[in-house]
Amino acid sequence: MPQGIVKPVSQIIASGKPLIVEMEVGANATPAKMLPGRLVIFDDTDWSVKEAGAKADNVVGFLEVAPDKKKTDAFAVGDQVKVPMTDCIALLTLLAAENVTRGDPLVSAADGKVAKQAVGAMGGQGGVIGWAMESSNVTVDAEILVHFHKNAEAAAAS
């Protein structure tokens with residue numbers, strides 16, 4: 001019997017029962033970047049989302065696969081999407097060439113991907129969105145299991 005959590009084939013949530021809210025892909029979203037396993041932030045209108053950028057402090061959640069789509073299918077502007085928002089184990093997209101080890105804190109990277117939290121001044125790293133559950137060091141984007149649990153970024157001293 002294998003230990004740990006098996007990576008899901010047709011969904012993003014690997015374990016847990018997070019709060020999932022249906023939202024809409026916002027007008028400012030880039031459809032090619034609106035993929036399952038990518039982090040999202042709020043767009044201009046209520047209950048609409050777009051891809052998160054690097055070091056975002058306002059991550060809402062991530063995109064889950066739609067019942068009529070595959071993990072590789074992007075969402076278009078105006079599509080309804082399921083956004084898990086709370087604690088779970090999820091298969092998120094790690095930015096290419098990131099060297100992460102189990103337990104490393106992760107933040108948002110460009111295009112809704114995740115990256116290892118860099119050492120730096122408080123208030124300039126982005127909020128931690130979770131922790132790596134497995135190690136990865138490859139030159140291409142990779143799907144890794146992440147303990148998704150958003151945290152507020154510490155504010156810089158004024």
Just to verify a result, which residue in region 54-67, among those that are in a loop (DSSP other than H, G, I, E, B) and open to solvent by less than 30 Å² (accessible area, probe 1.4 Å), is farthest from Gly37 (Cα to Cα)? Ala56
Taking Met34 and the conditions (1) closer than 17 Å to Ala109 by Cβ; (2) surrounded by fewer than 18 Cβ atoms within 10 Å (Cβ to Cβ), which numbered condition does it fall short on, given that it satisfies the others? (2)
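So which residues in region 68-78 are of a type in the set (Gly, Ala, Ser) and surrounded by 14 or more Cβ atoms within 10 Å (Cβ to Cβ), if there are any at all? Explain how you work it out, then say what you get.
Within region 68-78, the first condition is being of a type in the set (Gly, Ala, Ser), and the residues that meet it are 74, 76, 78.
Ala74 - this is the single residue of region 68-78 that is of a type in the set (Gly, Ala, Ser) and surrounded by 14 or more Cβ atoms within 10 Å (Cβ to Cβ).
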Region 111-127, residues that are over 11 Å from the mean Cα position of the chain (by Cα), touching a residue at least 12 places away in the same chain (Cβ under 8 Å) and open to solvent by 20 Å² or more (accessible area, probe 1.4 Å): Lys116, Gln117, Ala121, Met122, Gly123, Gly124, Gln125
Taking region 56-97 and keeping only residues that are modelled with pLDDT of 95 or more and among the acidic types (Asp, Glu), one is left with Glu64, Asp73, Asp79, Asp87
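To keep it simple, each residue is scored yes or no on (1) more than 22 Å from Asn58 (Cβ to Cβ); (2) among the aliphatic types (A, V, I, L, M); (3) open to solvent by less than 90 Å² (accessible area, probe 1.4 Å); (4) at pLDDT 95 or above.
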residue: Gly4; (1), (2), (3), (4): yes, no, yes, no
residue: Ala14; (1), (2), (3), (4): yes, yes, yes, yes
residue: Leu19; (1), (2), (3), (4): no, yes, no, yes
residue: Val25; (1), (2), (3), (4): no, yes, yes, yes
residue: Thr30; (1), (2), (3), (4): no, no, yes, yes
residue: Val40; (1), (2), (3), (4): no, yes, yes, yes
Filter pass, Ala90 being touching a residue at least 60 places away in the same chain (Cβ under 8 Å), in contact with a Phe, Trp or Tyr (Cβ under 7 Å, 6 or more places away or on another chain) and closer than 22 Å to Val140 by Cβ: yes
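Criterion first (part of a strand (DSSP E or B) and either free of Cβ contacts under 8 Å to residues at least 12 places away in the same chain or small (Gly, Ala, Ser) (or both)) does Ala97 satisfy it?
Values: part of a strand (DSSP E or B): no; either free of Cβ contacts under 8 Å to residues at least 12 places away in the same chain or small (Gly, Ala, Ser) (or both): yes.
When the stated conditions are applied, Ala97 does not pass them.
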Looking at region 60-80, can you tell me whether even one residue there is within 26 Å of Glu153 (Cβ to Cβ) and touching a Ser or Thr at 6+ places or on another chain (Cβ under 6 Å)? no
So in region 84-109, with the set limited to residues that are surrounded by fewer than 19 Cβ atoms within 10 Å (Cβ to Cβ) and in contact with a Leu (Cβ under 7 Å, 6 or more places away or on another chain), which one is nearest to Leu63 (Cα to Cα)? Met85
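The values are calculated or read from the model by the stated rules, or taken from the named source; none is laboratory data. Note that the coordinates shown come from a computational prediction; the quantities given were computed from them, not determined experimentally. Neighbour counts are summed over all protein chains in view; Cβ atoms, including those assigned to glycine, are modelled from backbone coordinates with ideal geometry. Accessible surface is based on the protein model in full, side chains and every heavy atom, while ligands, DNA and RNA are left aside. Shrake-Rupley method; radii C 1.70, N 1.55, O 1.52, S 1.80 Å.
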